[in-house]
Amino acid sequence: MEFEMKFDEILDEAKEREITKEEALFLFESANELVKISQLLSTASYVRDKNLGRVFKLDAFILSSNNGCKTNPPCGYCGQSSQKFKFFTKVATPEEVTEFAKIAEQLGFKGVQCGGGCSGYKGAEAVKDTKIVKESTNLDVFVNYGADMSEENILELKQLGVGRIGCSFETINEDLFKKIKPGDSLHERKKVAQLIDKHGVKLATGIMIGIAESYIDRVNHIFYLKNFKNLSTIYISGFFPIPGTPMEGYTAATPIEIAKTMAITRLAHPYADLDGSFGRDDHLQLWIMAGTNRRIIHGIFESKNKIASAFTKHFYGEQTQIGEDFIFINTLPIYANMIKEMGLKPDLNQSGDKK
Ligand code: SF4
């Protein structure tokens, strides 16, 4: 009985104030059956609606002139480490980047994200892509090239008016990081995120779940993000095994564990934009129930890439060939419909942040 009261009490207070670390851990451990999980998710939805409104922001992911990811060995969960699902096998030309930016603008998007792997050029592609998009459209640009970003290029991106720079940690448990990202450096990623923050640029960053992390790891990560005063967007990605990768034998994160993590993140960060990721987009409506308010729509693929055919099983849409190597699938009507079914308003124009 006392336990029930504590659970209800924390959720009641979470409607008015950010939860503490101890409360977050208690919620992870206690929301372990249908009724409590529903209560947790509905509180997260309430906090989203109260602080950010019943709107759901959408940005488009667009092509990048990124030279591929040189992380060696590639991350264990990533398609880059699979012969069957490798992406970044083609480099987009400036004309192809321009063409896609124009399609995104015509569809009504206000913000687009260019992203790619760690090519070793320290953000030079981010600068190049931003210039291409800004010269040919009126779009807001966000970039995400992981840890591959120099201070000089952060400053140049700031100068160009980039709205957000992404740098995900996936996990801040050092041992786990080394295990799933043996060719990457948590230290480097933290350094880049700190530089983005220091220069007053909005930071987008991700937490991956389902990689054998504990609830304490998740709580430590959620609260570590409070160190960034320019934190703008948190992505929660739920691992699923990609065939041919070193982690193909791992079990996928369950939809409910993803949703619980989103909801608890929302209660700890009431004003941040919260997004899902890693190709689990058919769970979008559950994510909305868990307090998310943003999604970057990935509708662009190398035309012969098998990821495209796997993805399009769920997301059919009008296809446009871009150059020789890429296709764009207009998934916007599918996302807009899922959002409207949940009683929220899809918003393509609100790319800025509330905070
Ligand atoms: S850094 Fe990113 S793109 Fe490169 S292997 Fe790791 S997850 Fe994949």
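Bear in mind that the values in this text are calculations on the coordinates, not laboratory data. Values in this document were obtained by computation on a predicted structure and should not be read as measured data. Quick reminder, even Gly has a Cβ in these numbers, built from the backbone with ideal geometry, and neighbours come from all protein chains shown.
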### Message
Counting only helical runs of four or more DSSP H residues, what would the 222 nm mean residue ellipticity of the chain come to if each run contributes -39,500 (n - 2.57) and the total is spread over all its residues?
### Response
-12500 deg cm²/dmol
### Query
At a Förster radius of 25 Å, what calculated FRET efficiency corresponds to the Cβ-Cβ distance of E135 and K158, to the nearest 0.05?
0.90
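Can you tell me the order of 128-135, 247-254, 26-33 when each peptide is scored by its average per-residue count of other Cβ atoms within 10 angstrom, highest first? Can you show the working numbers first?
Values: 128-135: 20.1, 247-254: 14.4, 26-33: 16.2.
Answer by packing, highest mean first, reads 128-135, 26-33, 247-254.
Computed over the Cα atoms of segment 2-347, what is the convex hull's projected area averaged over all directions, in nm²?
Details: hull surface 63.4 nm².
In nm², the orientation-averaged hull projection of segment 2-347 is 15.8.
Kindly state, to the nearest 0.05, the FRET efficiency for S30 paired with K84, given R0 = 41 Å and r defined as their beta-carbon distance. Write out the running numbers ahead of the final one.
Values: r = 41 Å, r/R0 = 0.99.
In this case the efficiency is close to 0.50.
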### Query
Where Lys and Arg each count +1 and Asp and Glu each count -1, what net charge lies around F228 among other residues with Cβ under 11 Å from its Cβ?
+4
### Message
Net charge within 12 Å of L139 by Cβ-Cβ distance, Lys/Arg positive one each and Asp/Glu negative one each, not counting L139 itself?
### Response
-2
### Query
Taking the simple approach of a point 7 Å from Cα along Cα-to-Cβ for both T254 and T20, what is their distance in nm?
2.9 nm
### Message
List the Cys residues of the chain that have no partner Cys with a C-beta closer than 4.7 Å.
### Response
C69, C114, C118, C167
### Query
Using alpha-carbon positions, what is the distance between the centroids of segment 182-236 and segment 103-179, in Å?
16 Å
### Message
Using amide H atoms built in the peptide plane, which far-off residues or other-chain residues are under 5 Å from F56 H to H?
### Response
K345, D347
#### Entry: 11 Å beta-carbon shell around D175, net charge (K/R +1, D/E -1)
-1
